[in-house]
Amino acid sequence: MKSALENLPQRELLQLVLKKDEQIEHLSFQNEKLESQKERLELQKERLEFQLEQLKRMMFGSKRERFEADPNQIKIEFEEYAIEAEKQDESPVKQTITYQRNKSTSHTGRNSIPAHLPVVEHTIEPSEDTSAMKRIGEERTEILEYVPEKFFKLVLIRPKYARVESDSNAIESTQKSVVIAELPSRPIEKCLAGNRLLAAILVHKYIDHLPLYRQQQIFKRAAIEIAPSTIDSWVAQLGRLLEVLHEKLITEIKAQQYLQADETTIKVLDKNQKKETHLGYFWVYHAPLSRLVTFDYQKGRGKNAPRSFLQGYKGTLQTDGYAVYKHYYNNKEVTHLACWAHVRRKFEKALQSNRSLAEHVLTEIQKLYAIEREIRVLTASERKTIRLEKSLPIINGLGKWLYVQKQVVLPKSPFGQALEYTIPLWESLQNYLHDGNLHNDNNLIENTIRPVALGRKNYLFAGSHEGARRSAMFYSFFACCKINNLNPQKWLEYVLSVIADCPVNQLHNLLPNNIDPAIIENHTHFWEV
């Protein structure tokens with residue numbers, strides 16, 4: 001071969017060398033391509049493993065968000081369990097120890113039965129003949145019992161009276177002088193159900209998560225046949241009756257200077273979508289300072305969905321990092337508050353892939369929440385002072401550390417994605433420091449959304465878009481009752497008894513944050529007096 005190459009002309013040798021160089025360059029390019037593909041596949045493998053771990057956690061893992069800050073927490077290995085077991089198997093050496101100690105007061109004893117409940121006494125006599133015996137005392141045992149919901153027929157009797165005249169037109173005069181009591185105001189004219197039953201139907205559906213068809217089964221067990229369409233009609237008519245009160249609630253919430261906003265899904269039957277349900281959204285707005293909340297149903301989650309509430313809003317708006325909200329707070333009239341709880345969740349998900357870095361972030365966030373727990377009972381001005389003194393240095397230190405990590409962490413890794421979520425919101429995450437009335441997270445509004453998630457598991461979907469809007473209204477009222485510590489059943493019973501005759505300029509007094517709780521507790525139905 002060597003002699004053959006030596007005999008080749010210089011021109012052919014040069015072509016042969018160039019061809020070899022091209023082959024080497026091609027192989028080098030193929031090698032780089034394979035290396036890049038390998039790196040890409042490794043990243044994809046890491047992402048898929050991360051998603052698998054998250055799915056396993058969602059299905060089988062703990063749902064709590066608490067983070068244990070101490071990485072050196074003592075763990076008990078199986079060997080230590082074995083040692084403990086061996087110690088327990090040894091024959092114990094008995095010894096007598098005498099000492100005194102204070103009686104523990106941590107145990108509260110047996111639960112007491114509330115004093116407001118009616119008392120039913122039942123005497124149980126001995127089986128022996130006691131006629132020749134003297135009663136020397138008794139033992140009383142208190143038991144909490146239950147009587148299932150009781151239906152009864154309420155008959156309203158209104159006697160008629162007439163003035164008897166002596167003139168020739170006595171009959172005509174008598175007809176004009178008939179006296180009869182007026183029928184009490186009712187929310188639905190000629191309705192078979194009373195106010196207490198109507199209120200119970202709504203409370204059972206939207207608070208106890210009992211769909212209407214299950215309530216119909218309860219009626220059947222009491223031998224009461226009510227058609228499903230009739231119950232649906234009652235709910236629809238109550239919705240129309242309470243719309244004016246809901247509008248008043250919306251007006252008050254829009255006027256607040258501090259709002260929290262979030263959204264959640266609701267499946268809706270749509271006649272235009274066969275074999276599928278439409279995925280609608282409840283947009284939720286919570287005013288923490290006035291203790292009001294409202295649900296607004298919209299068909300989508302686009303930028304126009306919250307327009308009816310947030311267009312032209314002026315004040316402080318607290319949201320998560322969803323980009324749609326930026327269209328409404330990216331101006332001089334609105335101060336945006338981001339949510340530290342959402343940030344914490346992002347880094348908590350990164351624990352699997354980069355535990356040391358994620359633990360550092362979670363530990364710093366935990367320090368911020370520890371400060372919030374300490375200052376919860378203080379005034380707004382005191383909270384602001386302590387936040388600037390203690391929380392601000394922690395946030396500044398964490399911000400510098402995150403900036404350094406951003407330069408070295410892979411953007412597509414779980415930790416990198418957590419950084420991509422957090423860094424654009426950094427200024428908004430600090431805005432709560434400047435006002436003691438503001439919260440550092442959106443957890444309050446998420447608490448109001450939780451009943452919707454429970455309801456979805458029970459009634460699965462809303463029957464129509466109109467039904468979803470009606471559900472949003474009822475969720476709004478009952479969420480306000482919960483925030484204001486009102487009994488929703490009693491509140492709704494009272495409202496149904498007075499709203500038909502309530503002047504428009506007095507409607508705001510019926511809202512859960514304005515109504516006097518004593519009025520609700522002392523309210524009795526006209527047939528109970």
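Based on what the data block shows, is TYR313 more than 23 Å from the chain's Cα centre (by Cα) and surrounded by fewer than 14 Cβ atoms within 10 Å (Cβ to Cβ)? It would help to see each step written out before you state the result.
Numbers: more than 23 Å from the chain's Cα centre (by Cα): yes; surrounded by fewer than 14 Cβ atoms within 10 Å (Cβ to Cβ): no.
No; evaluated as a whole, the condition is false for this residue.
Being surrounded by 22 or more Cβ atoms within 10 Å (Cβ to Cβ) and either of a type in the set (D, E, K, R) or touching a helix residue (DSSP H, G or I) at 6+ places or on another chain (Cβ under 6 Å) (or both) is the requirement here; does ALA418 meet it?
Working: surrounded by 22 or more Cβ atoms within 10 Å (Cβ to Cβ): yes; either of a type in the set (D, E, K, R) or touching a helix residue (DSSP H, G or I) at 6+ places or on another chain (Cβ under 6 Å) (or both): yes.
Against the criterion (surrounded by 22 or more Cβ atoms within 10 Å (Cβ to Cβ) and either of a type in the set (D, E, K, R) or touching a helix residue (DSSP H, G or I) at 6+ places or on another chain (Cβ under 6 Å) (or both)), ALA418 qualifies.
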>> With the requirement that a residue be in a loop (DSSP other than H, G, I, E, B), more than 19 Å from ALA222 (Cβ to Cβ), without any contact (Cβ under 8 Å) to a residue 24 or more places away in the chain and of a type in the set (A, V, I, L, M, F, W, C), what does region 144-166 give you?
In response: ILE157, VAL164
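Yes or no, residue by residue, for (1) under 19 Å from the mean Cα position of the chain (by Cα); (2) modelled with pLDDT of 90 or more; (3) among the β-branched types (Val, Ile, Thr):
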{"position": "ILE423", "(1), (2), (3)": "no, yes, yes"}
{"position": "SER428", "(1), (2), (3)": "no, yes, no"}
{"position": "HIS439", "(1), (2), (3)": "yes, yes, no"}
{"position": "ASN443", "(1), (2), (3)": "yes, yes, no"}
{"position": "GLY455", "(1), (2), (3)": "yes, no, no"}
{"position": "GLY463", "(1), (2), (3)": "no, no, no"}
{"position": "GLU466", "(1), (2), (3)": "no, yes, no"}
{"position": "SER471", "(1), (2), (3)": "yes, yes, no"}
{"position": "SER476", "(1), (2), (3)": "yes, yes, no"}
> Out of (1) surrounded by fewer than 18 Cβ atoms within 10 Å (Cβ to Cβ); (2) closer than 22 Å to LEU460 by Cβ; (3) free of Cβ contacts under 8 Å to residues at least 24 places away in the same chain, the odd one out for THR277 is which?
Replying inline: (3)
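Could you say whether any residue in region 237-250 is in contact (Cβ under 8 Å) with a residue 24 or more places away in the chain, of a type in the set (D, E, K, R) and either outside the structural domain of GLY436 (by TED's automatic domain parsing) or touching a Phe, Trp or Tyr at 6+ places or on another chain (Cβ under 6 Å) (or both)? Lay out the reasoning, then the answer.
So the first thing to find is which residues in region 237-250 are in contact (Cβ under 8 Å) with a residue 24 or more places away in the chain, and the list is 237-239, 241-246, 248-250.
After this cut, where a residue has to be of a type in the set (D, E, K, R) as well, the list is 243, 248.
Filter once more, so that each one left must be either outside the structural domain of GLY436 (by TED's automatic domain parsing) or touching a Phe, Trp or Tyr at 6+ places or on another chain (Cβ under 6 Å) (or both): 243, 248.
Within region 237-250, one or more residues are in contact (Cβ under 8 Å) with a residue 24 or more places away in the chain, of a type in the set (D, E, K, R) and either outside the structural domain of GLY436 (by TED's automatic domain parsing) or touching a Phe, Trp or Tyr at 6+ places or on another chain (Cβ under 6 Å) (or both).
Does LEU351 qualify as being assigned to a helix (DSSP H, G or I), touching a helix residue (DSSP H, G or I) at 6+ places or on another chain (Cβ under 7 Å), more than 17 Å from LEU444 (Cβ to Cβ) and aliphatic (A, V, I, L, M)?
Judged against the criteria, LEU351 is not a match.
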> Does region 494-513 contain any residue that is over 18 Å from PRO184 (Cβ atoms), in a loop (DSSP other than H, G, I, E, B), touching a Leu at 6+ places or on another chain (Cβ under 9 Å) and not polar (S, T, N, Q)?
Replying inline: yes
>> For region 237-263, give me the residue count where each residue is β-branched (Val, Ile, Thr) and crowded, with 17+ Cβ neighbours inside 10 Å.
In response: 2
>> Go through (1) assigned to a helix (DSSP H, G or I); (2) touching a residue at least 24 places away in the same chain (Cβ under 8 Å); (3) more than 30 Å from ASP516 (Cα to Cα); (4) not aromatic (Phe, Trp, Tyr) for LYS412 and report which single condition fails.
In response: (1)
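Output the residues belonging to region 227-236 that are of a type outside the set (Phe, Trp, Tyr) and touching a helix residue (DSSP H, G or I) at 6+ places or on another chain (Cβ under 9 Å). It would help to see each step written out before you state the result.
Of all residues in region 227-236, those of a type outside the set (Phe, Trp, Tyr) come to 227-233, 235-236.
Passing the criteria: ALA227, PRO228, ILE231, ASP232, VAL235, ALA236.
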>> Restricting to region 421-438, name every residue that is charged (D, E, K, R) and surrounded by 15 or more Cβ atoms within 10 Å (Cβ to Cβ).
In response: ASP435
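Condition test on THR174, is it surrounded by 10 or more Cβ atoms within 10 Å (Cβ to Cβ), modelled with pLDDT under 80 and either within 54 Å of the chain's Cα centre (by Cα) or outside any loop (DSSP other than H, G, I, E, B) (or both)? Write out each step before concluding.
On the way: surrounded by 10 or more Cβ atoms within 10 Å (Cβ to Cβ): yes; modelled with pLDDT under 80: yes; either within 54 Å of the chain's Cα centre (by Cα) or outside any loop (DSSP other than H, G, I, E, B) (or both): yes.
In short, yes.
The values are calculated or read from the model by the stated rules, or taken from the named source; none is laboratory data. Since this is a predicted model, take the numbers as computed values, not measurements. Here Cβ is always computed from backbone atoms with ideal geometry, including for glycine, and neighbour counts include all displayed protein chains.
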